[in-house]
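Enquirer: I have a structure I would like to understand better, so I am pasting it below and will then ask my questions one at a time.
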Amino acid sequence: MVIKKLLIEFIGTFFLATTFVLTNGSFLAPLAVGAVFAALVYMGYAISGAHYNPATTLAMLILKKISVKDFSFYILIQLLASFSGAFCYFLIWGRNMGIPRPSMEINILKSLFIETIFTFILVLMYLFVTDKKSAGNNFYGLAIGLTLIGIGIASANTSGGAFNPAIGLGPMLVDKLFGTCSCNPFEYGWIYLAGPLIGGIVAAVAFRIINPNAGTS
């Protein structure tokens, strides 16, 4: 069963990351990523929980809805899948331009703030619509996908809208290993690691405060 979970997490994160890097910079990128994410959530939720995001997996660990062992495997497979998705972009175009970048027109900490608060609402949405109290609903994937579309549009001109440490790190690592740019792809990488992870932690805390009787799974 663990293998099935990891396979679903790999497939979901791979196609989420591939969609992100191939559409990065397009005004339709948030729509494409959100739509694919919604479909992937419906595909994999019953098997792995359809995290596809280390921030979500961290929140689930804090809430004791996933074991430390599964947490470690999930994170590893999500990062591997994101790397693979970014590598596909490199194979197609011979370069890697899918790296999320913050706007240089605002203070860098504002981009960090955007990544944090929007990851917070994305993960909090996931926690509520997939909670046992919402069991049997058929809107959970749509709700999560629409949330991603909305925050993606809202953040497009500020942080680049990653909200996912795997999507932030995978393209950077591919560019470091295979890219032709002389720049440092990890220069702003901390934003896309720290922001989403902080957002995921705060979402877990907020969920527990609002919903203190939520059971573990």
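Enquirer: Using only the Cα atoms of the stretch 70-134, what do you get for the radius of gyration and for Dmax, in Å?
Expert: Final numbers for Rg and Dmax: 16.3, 48 Å.
Enquirer: Moving to a separate point now. For the stretch 126-192, I need the span (max minus min coordinate) of the C-alpha atoms along each principal axis, in Å, sorted largest to smallest.
Expert: 51, 23, 17
Enquirer: Extent of the chain along each principal axis, from alpha carbon coordinates, in Å, largest to smallest?
Expert: 51, 37, 29
Enquirer: Follow-up question, since we're still on this one. Let me have the 222 nm mean residue ellipticity of the chain computed from DSSP H runs of 4+ only, each contributing -39500 (n - 2.57), with the sum over all residues rounded to the nearest 500. Please list the in-between numbers first.
Expert: Details: 8 runs with 151 residues, N = 217.
So the calculated ellipticity at 222 nm is -23500 deg cm²/dmol.
Enquirer: Something else now. Under a 10 Å cutoff between Cα atoms, tell me which one of G12, G150, G168 has the largest fluctuation in the Gaussian network model of the chain.
Expert: Comparing G12, G150, G168 in a Gaussian network model of the chain, the most mobile one is G150.
Enquirer: Kirkwood Rh over alpha-carbon pairs of the stretch 1-126, then Stokes-Einstein at 4 °C and 1.567 mPa s: what D in µm² s⁻¹, rounded to an integer?
Expert: Numbers: Rh = 15.4 Å.
For these conditions, the coefficient is 84 µm²/s.
Enquirer: Nearest 10 degrees is fine. How inclined is helix 165-178 to the longest principal axis of the chain, computing both from alpha carbons?
Expert: 30
Enquirer: Based on the alpha-carbon gyration tensor of the stretch 68-179 and its eigenvalue square roots a ≥ b ≥ c, which shape applies: rounded if a/c is under 1.5, prolate if not and a/b is larger than b/c, or oblate? Intermediate results must be reported in sequence, preceding the final value.
Expert: Working: a/c = 2.05, a/b = 1.34, b/c = 1.54.
Judged from the Cα gyration tensor, the stretch 68-179 comes out oblate (a/c at least 1.5, b/c at or above a/b).
Enquirer: Applying the Karplus parametrisation 6.51 cos²θ - 1.76 cosθ + 1.60 with θ = phi - 60° to the phi angles of the stretch 116-126, what ³J(HN,Hα) value in whole Hz is obtained for each residue in order, glycine and proline being reported as x?
Expert: So the Karplus estimates, Gly and Pro as x, are 6, 6, 7, 5, 3, 6, 5, 5, 4, 4, 4 Hz.
Enquirer: A further question follows. Where does helix 68-93 land angle-wise versus the long Cα axis of the chain, in degrees 0 to 90, nearest 10?
Expert: On a 0 to 90 degree scale, this one is about 30.
Enquirer: With axes computed from alpha carbons, what is the tilt in degrees of helix 189-210 against the longest principal axis of the chain, rounded to the nearest 10 within 0 to 90?
Expert: 10
None of the figures in this text is laboratory data; all of them are computed from the coordinates on show. Not measured: the values here are computed from a predicted model.
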